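Asks: Structure in structure tokens, see below.
The values are calculated or read from the model by the stated rules, or taken from the named source; none is laboratory data. This is a predicted model, so every value here is computed, not measured. Don't worry about glycine lacking a Cβ; one is built from the backbone with ideal geometry, like all the others, and counts go over all protein chains shown.
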Amino acid sequence: MINLTNIKKSYNKGQIPAVSNINLSVDRGELFGLIGPDGAGKTTLFRILTTLLLPDEGSATVDGLDVVKDYARIRSRVGYMPGRFSLYQDLTIEENLNFFATVFGTTIKENYHLIEEIYQQIEPFKDRRAGKLSGGMKQKLALCCALIHKPTVLFLDEPTTGVDVVSRKEFWDMLQRLKQEGITILVSTPYMDEANRCDRIALIQKGSILSIDTPKGIVDAFPQNLYAVRSTKTHQLLRDVREYPDTDSCFAFGESLHVTFKGDPQPLIPYLNKKGQTDATMEKIAPGIEDCFIHLLNN
Amino acid sequence: MPPVISTNQLTKRFGQFVAANELTFQVEKGEIFGFLGANGAGKTTAMRMLCGLSIPSSGKATVAGFDVYTQTEKIKQNIGYMSQKFSLYDDLTVAENIRFYAGIYGMSKQAIKAKTTELLQELQLEKEAKTLVKALPLGWKQKLAFSVAIVHNPDIVFLDEPTGGVDPVTRRQFWDLIYAASDKGVTVFVTTHYMDEAEYCNRVSIMVDGVIAALDSPANLKQQFNAANMEDVFYELARNAKRKAD
Amino acid sequence: MRQLITFIRKEFLHVLRDRKTLLMLFGLPIAQIVLFGFALSNEIKNSRIAVVDYSKDPTTTRLISKIAASDYFDIQRSLASADQLHTAFKKGDIKMAVIFPASFGDDLTHTGKATMQVIADASDPNQATTITNYLSQIVTDYNTELAKDAGQPMQINPETQMMYNPELRGAPNFVPGVMALVLMLVCTMMTSVAIVKEKELGTMEILLVSPFKPVYIIISKLAPNLLISVLNLFIILFLSWLFLDLPVKGSLVLLVTCSILFILTSLSIGLLLSINARTQQAAMMGSLMGMMLPTLLLTGFLFPIENMPLALQLLSNLVPSRWYFIIVKRVMLKGLGITAIWREMLILTGMCILLFTISLKKFKIRLQ
């Protein structure tokens, strides 16, 4: 459905490399996540796929259509929600939606079933101007606007950035339901915890892909044993564990530290006890996506 | 030692709308205090009152020992502030930014010089002292913005979603800075959308519909709500929020 | 087509909901005209003038004493000869000189007609026009008086001569100037800002990734600004008629047609500006610095183009407002018809088509 081959793009006449050597394919009906921080190149990829930018090298297709040659045909069948998309602040919810429906040559009625569930949540405020909506509501409206013409592929660039946990959860539930409608979805996010909601993900950093797999595949590929170390004095603990000679990596994760070792992990607890961390505990845990990302970054 | 922030039934109304309703809490010196809430719950309003940018409608509050009604100027001298849109000047160099912010807090020339050297060393930015801020990677900018926010050794620093958009390693490096500041006795008042970051805080408050719905240490909150992580705690509290619009 | 209408309606909503800008758009021309109206209606009193009387007969003496009695004039001195006039003008001692030729008295008694010379310093055209008008008024009154006394028509003709600025650039020229300036600014600024705003919001990305044709985007952005500008035009015309006593002497239809031509040219310039501007601020600065200066300097209503260095004269040919300014002067002030302005109209049309084509070509279907 989406195919990128050896894509390379830089800005300012090659001065600022954006992405390089990107190979990626997304299957029909898949919910695919691009996971990476700001500046990783996610937006560049979205813009190439939505025909807004020309790649310097490589080729890309969407729904079998070439992004350079067939740009006009692609434009009529994709839905796109840009990262900084903020709708028309001075138009109401209804006016915004109506406008985008008409621009895409359709009406709200025609594809109402597709957006019904989302739109119902914001419909009570339909006469309110978009500028006066909360982050979560704006995001829902933006999704409605991107969906209104029943696209075959949906491109969502960081739809959940700056939105609270509840809205994020609801948003991902909506994406699951859209997937069931048969829409292929490419979504990017800087939140690692959202990776598990995707069928497959690509971890991306500084313009290149670190790894592409199912979330489970990525987690399974974590090469080391991972331990969670805890005590009541977390900050002191962080310093102590980092000083431990056999520590390979050590990062804070919520209330505990996630630690990998070069050697034997077992002497750590006595070592910590000696340092005054009398209540320190350690257990072996399964890594998460964020652990894998950190691991891939460090190597 | 008296609390650094102390509020009692602090309320802010905009006409009929009660943005923040009877907030009562204390934050101790050196504490890292997580201030969470759904979009539109009233976080920004509360934070503005504590920073002396907005006069409360009723209730009492002191920040760094100063009254939020009458001593807002004193408050501003004793707090630091950093938001998502950093207050750094893109077209000034790293050193010039530090000099500027130290300057507006009335530091002497010598003190500014010493502080600049110290900060550049701490942030390992010595080589970039003469680089324009806009040329720095996002993560470095965040760290610099934080250091600039505490350049005048404030009692308390307010961080409004400081870590958006950076990779997990950089995000943790940022928290190392927060810990270091807290160890020096600076109180850290932070809002974030990353729930794992909430767990780095000593205590966390969660605002829903203008009131503080929960306030405790992350461990206690998880126990109280029988949740595996802070995300579930938050979801449990905020999912029934009525107020969706800002 | 339905898409286009929806789009245009949306543009109108943007404009209507932005009260502050709307206020500025209509406030600007009104303020300019009204301010100028007040400046003009201020009476000029005690203008210093010189009188040279070669005739020295009872009629001239009576007329001179009438002029001297008026509040408007302050006869500085009577000069023995006209040779001294230039020095007096140059020194700024006098604003106007009245000369009665030696044959004045004879002419009047024998033929009932006589000519007096009125020379005004027109470097300040407002003042020159005003005081010569005052003088004509006095002479006309005197004519009536003489006729009554003599029982037959008597006619003294003041022959007015403007010195230093014979074409009287200024007063009435101000209105065509304001028209050119206001229309140019409103059109370029509003258009470029409206398009760049979409870029900033990120909505431009969506519009580009839609089947909506770029030319439609352009047309819809232009539509409300065209309407606003035409409204502005009528407001200016109405106000200048009301306050400045400057009605449209020629054909209103012709004037409006030419104005729309000029508006479209300005809109195209705004379009062109928006293509390279990334922020609304940049677009605004571009319109202000890029358009306001050339319009002020090279249109000809502040500084006569003929007096400029050749390079600037040539450059002024590229400024659309220059041609529009000529059209308005001819149609509105002089009441001339299409035969007098077809050349300028043709130039404007050419500019309009050229600019619009360029901006259409350059309007990016992609980002960057």
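Asks: Is it true that some residue in the stretch B:137-152 is within 14 Å of chain A (Cβ to nearest Cβ) and closer than 23 Å to B:Gly30 by Cβ?
Replies: Looking through the stretch B:137-152, at least one residue is within 14 Å of chain A (Cβ to nearest Cβ) and closer than 23 Å to B:Gly30 by Cβ.
Asks: Okay, moving on. Condition check: touching a Phe, Trp or Tyr at 6+ places or on another chain (Cβ under 9 Å) and either in the same structural domain as C:Leu227 (by TED's automatic domain parsing) or not polar (S, T, N, Q) (or both). Does C:Glu306 satisfy that?
Replies: Working: touching a Phe, Trp or Tyr at 6+ places or on another chain (Cβ under 9 Å): no; either in the same structural domain as C:Leu227 (by TED's automatic domain parsing) or not polar (S, T, N, Q) (or both): yes.
Against the criterion (touching a Phe, Trp or Tyr at 6+ places or on another chain (Cβ under 9 Å) and either in the same structural domain as C:Leu227 (by TED's automatic domain parsing) or not polar (S, T, N, Q) (or both)), C:Glu306 does not qualify.
Asks: Further question on the same structure: Checking A:Pro287 against (1) buried (at least 16 other Cβ atoms within 10 Å of the Cβ); (2) within 12 Å of chain B (Cβ to nearest Cβ); (3) touching a residue at least 40 places away in the same chain (Cβ under 8 Å), which single condition isn't satisfied?
Replies: (2)
Asks: Consider B:Ala214 carefully, then state whether it is small (Gly, Ala, Ser) and away from chain A (no Cβ under 12 Å). It would help to see each step written out before you state the result.
Replies: Numbers: small (Gly, Ala, Ser): yes; away from chain A (no Cβ under 12 Å): yes.
Spelling it out, B:Ala214 is indeed small (Gly, Ala, Ser) and away from chain A (no Cβ under 12 Å).
Asks: Can you tell me which of A:Lys69, A:Lys42, A:Lys13 is among the charged types (D, E, K, R), in contact with a strand residue (DSSP E or B) (Cβ under 7 Å, 6 or more places away or on another chain) and assigned by TED's automatic domain parsing to the domain that holds A:Phe155?
Replies: A:Lys42
Asks: Let me ask something additional. Any idea which residue in the stretch A:161-207 is surrounded by the fewest Cβ atoms within 10 Å (Cβ to Cβ), counting only those that are free of Cβ contacts under 8 Å to residues at least 24 places away in the same chain and of a type outside the set (Lys, Arg)?
Replies: This residue is A:Gln180.
Asks: Taking only pairs six or more apart or across chains, which ones have beta-carbon atoms under 8 Å, a first residue in the stretch C:1-16 that is under 14 Å from A:Leu97 (Cα atoms), and a second residue that is polar (S, T, N, Q) and buried (at least 18 other Cβ atoms within 10 Å of the Cβ)?
Replies: C:Gln3/A:Thr102; C:Thr6/A:Asn98; C:Thr6/A:Thr102; C:Phe7/A:Thr102; C:Phe7/C:Ser220; C:Lys10/C:Ser220
Asks: Within the stretch A:1-22, can you find the residues that are of a type in the set (Val, Ile, Thr) and modelled with pLDDT of 90 or more? First the steps, then the outcome.
Replies: Of the stretch A:1-22, the ones of a type in the set (Val, Ile, Thr) are A:2, A:5, A:7, A:16, A:19, A:22.
Those that are of a type in the set (Val, Ile, Thr) and modelled with pLDDT of 90 or more: A:Ile2, A:Thr5, A:Ile7, A:Val19, A:Ile22.
Asks: Tell me, which residue of the stretch A:156-177 that is among the polar types (S, T, N, Q) and in a helix (DSSP H, G or I) is nearest to B:Thr44 (Cα to Cα)?
Replies: Pass one, the stretch A:156-177, residues among the polar types (S, T, N, Q): A:160-161, A:167, A:176.
Among the residues that remain, those that are also in a helix (DSSP H, G or I) are: A:167, A:176.
On the way: A:Ser167: 18, A:Gln176: 32 Å.
For the stretch A:156-177, the residue satisfying everything is A:Ser167.
Asks: Working only within the stretch B:185-197, note down all residues that are more than 12 Å from chain A (Cβ to nearest Cβ) and more than 13 Å from the chain's Cα centre (by Cα).
Replies: Residue satisfying the conditions is B:Gly185 alone.
Asks: In the stretch C:348-368, which residues are surrounded by fewer than 19 Cβ atoms within 10 Å (Cβ to Cβ) and among the hydrophobic types (A, V, I, L, M, F, W, C)?
Replies: Scanning the stretch C:348-368 gives C:Ile353, C:Leu354, C:Ile358, C:Leu360, C:Phe363, C:Ile365, C:Leu367.
Asks: Right, something else. Kindly indicate whether any position in the stretch C:172-194 is at pLDDT 80 or above, closer than 30 Å to A:Tyr71 by Cα and within 14 Å of another protein chain (Cβ to nearest Cβ).
Replies: Yes, some residue in the stretch C:172-194 is at pLDDT 80 or above, closer than 30 Å to A:Tyr71 by Cα and within 14 Å of another protein chain (Cβ to nearest Cβ).
Asks: Now for a separate question. Which of (1) more than 7 Å from every other protein chain (Cβ to nearest Cβ); (2) among the aromatic types (Phe, Trp, Tyr); (3) touching a Pro at 6+ places or on another chain (Cβ under 9 Å) is the odd one out, the single condition B:Tyr200 does not satisfy?
Replies: It fails just one condition, (1).
Asks: Filter the stretch A:57-91 for residues that are closer than 19 Å to C:Leu4 by Cα and touching a residue at least 24 places away in the same chain (Cβ under 8 Å); which is surrounded by the most Cβ atoms within 10 Å (Cβ to Cβ)? Before you say what the answer is, go through the steps one by one.
Replies: Here is the first cut: in the stretch A:57-91, the residues closer than 19 Å to C:Leu4 by Cα are A:72, A:75-76, A:87-88, A:91.
Of the ones still in play, those that are also touching a residue at least 24 places away in the same chain (Cβ under 8 Å) are A:75-76, A:87-88, A:91.
Numbers: A:Arg75: 22, A:Ser76: 14, A:Leu87: 24, A:Tyr88: 22, A:Leu91: 19.
Looking at residues that are closer than 19 Å to C:Leu4 by Cα and touching a residue at least 24 places away in the same chain (Cβ under 8 Å), I get A:Leu87.
Asks: Continuing with the same structure: So which residues in the stretch C:319-334 are of a type outside the set (Val, Ile, Thr) and either free of Cβ contacts under 8 Å to residues at least 24 places away in the same chain or part of a helix (DSSP H, G or I) (or both)?
Replies: Once the filter is applied, which keeps residues that are of a type outside the set (Val, Ile, Thr) and either free of Cβ contacts under 8 Å to residues at least 24 places away in the same chain or part of a helix (DSSP H, G or I) (or both), the stretch C:319-334 yields C:Pro320, C:Ser321, C:Arg322, C:Trp323, C:Tyr324, C:Phe325, C:Lys329, C:Arg330, C:Met332, C:Leu333.
Asks: Quickly run through the stretch A:159-188 and pick out the residues that are touching a Phe, Trp or Tyr at 6+ places or on another chain (Cβ under 9 Å) and of a type in the set (D, E, K, R).
Replies: Pass one, the stretch A:159-188, residues touching a Phe, Trp or Tyr at 6+ places or on another chain (Cβ under 9 Å): A:159-161, A:163-166, A:168-169, A:184-188.
Within the stretch A:159-188, A:Asp164, A:Arg168, A:Lys169 qualify.
Asks: Could I ask something else about it? Give the residue, chosen from A:Ile294, A:Ile269, that is outside the structural domain of A:Asn23 (by TED's automatic domain parsing) and within 30 Å of A:Ile7 (Cα to Cα).
Replies: A:Ile294
Asks: Of everything in the stretch B:217-246 that's among the small types (Gly, Ala, Ser) and either facing chain A (nearest Cβ under 9 Å) or within 19 Å of the chain's Cα centre (by Cα) (or both), which residue is farthest from B:Phe14 (Cα to Cα)?
Replies: B:Ala219
Asks: Working carefully through the options A:Glu94, A:Glu116, find the one that is more than 22 Å from the chain's Cα centre (by Cα), more than 13 Å from chain C (Cβ to nearest Cβ) and surrounded by fewer than 18 Cβ atoms within 10 Å (Cβ to Cβ).
Replies: Checking each option against the conditions leaves just A:Glu116.
Asks: Let me ask something else. Considering each residue of the stretch A:28-52, count those that are closer than 11 Å to A:Ser188 by Cα and away from chain B (no Cβ under 14 Å), and give that number.
Replies: 5
Asks: Something else: Of the residues C:Thr339, C:Thr295, C:Thr265, which is polar (S, T, N, Q), in a helix (DSSP H, G or I) and either within 14 Å of chain A (Cβ to nearest Cβ) or without any contact (Cβ under 8 Å) to a residue 24 or more places away in the chain (or both)?
Replies: Values: C:Thr295 fails: either within 14 Å of chain A (Cβ to nearest Cβ) or without any contact (Cβ under 8 Å) to a residue 24 or more places away in the chain (or both); C:Thr265 fails: either within 14 Å of chain A (Cβ to nearest Cβ) or without any contact (Cβ under 8 Å) to a residue 24 or more places away in the chain (or both).
C:Thr339 is the lone residue from the list that is polar (S, T, N, Q), in a helix (DSSP H, G or I) and either within 14 Å of chain A (Cβ to nearest Cβ) or without any contact (Cβ under 8 Å) to a residue 24 or more places away in the chain (or both).
Asks: Still on this structure: Has the stretch B:176-198 got any residue that is part of a helix (DSSP H, G or I), β-branched (Val, Ile, Thr) and without any contact (Cβ under 8 Å) to a residue 12 or more places away in the chain?
Replies: Looking for residues that are part of a helix (DSSP H, G or I), β-branched (Val, Ile, Thr) and without any contact (Cβ under 8 Å) to a residue 12 or more places away in the chain, one finds none in the stretch B:176-198, hence no.
Asks: Which of the strands (runs of 3 or more DSSP E) found entirely inside the stretch B:1-114 contain at least 1 residues meeting this: of a type in the set (A, V, I, L, M, F, W, C), over 29 Å from B:Ser217 (Cα atoms) and out of contact with any His (no Cβ under 8 Å at 6 or more places or on another chain)?
Replies: Fully inside the stretch B:1-114 and qualifying: B:5-14, B:17-27.
Asks: Okay, moving on. Show me the helices (runs of 4 or more DSSP H) entirely contained within the stretch A:34-110 in which 3 or more residues are farther than 30 Å from A:Leu296 by Cα.
Replies: A:71-77, A:93-103
Asks: Taking the stated definitions as given, is A:Ala252 touching a residue at least 12 places away in the same chain (Cβ under 8 Å), away from chain B (no Cβ under 14 Å) and in contact with a helix residue (DSSP H, G or I) (Cβ under 7 Å, 6 or more places away or on another chain)? Give the steps one after another, and end with the answer.
Replies: Details: touching a residue at least 12 places away in the same chain (Cβ under 8 Å): yes; away from chain B (no Cβ under 14 Å): no; in contact with a helix residue (DSSP H, G or I) (Cβ under 7 Å, 6 or more places away or on another chain): yes.
The answer is no for A:Ala252.
For (1) in contact (Cβ under 8 Å) with a residue 60 or more places away in the chain; (2) charged (D, E, K, R), each residue gets a yes or a no:
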{"residue": "B:Thr11", "(1), (2)": "no, no"}
{"residue": "B:Thr24", "(1), (2)": "yes, no"}
{"residue": "B:Glu31", "(1), (2)": "yes, yes"}
{"residue": "B:Ala38", "(1), (2)": "yes, no"}
{"residue": "B:Leu50", "(1), (2)": "yes, no"}
{"residue": "B:Ala61", "(1), (2)": "no, no"}
{"residue": "B:Gln71", "(1), (2)": "no, no"}
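Asks: Quick one: B:Leu119 ticks every box in (1) crowded, with 20+ Cβ neighbours inside 10 Å; (2) under 15 Å from the mean Cα position of the chain (by Cα) bar one, so which box is it?
Replies: Tallying (1) crowded, with 20+ Cβ neighbours inside 10 Å; (2) under 15 Å from the mean Cα position of the chain (by Cα), B:Leu119 fails exactly one: (2).
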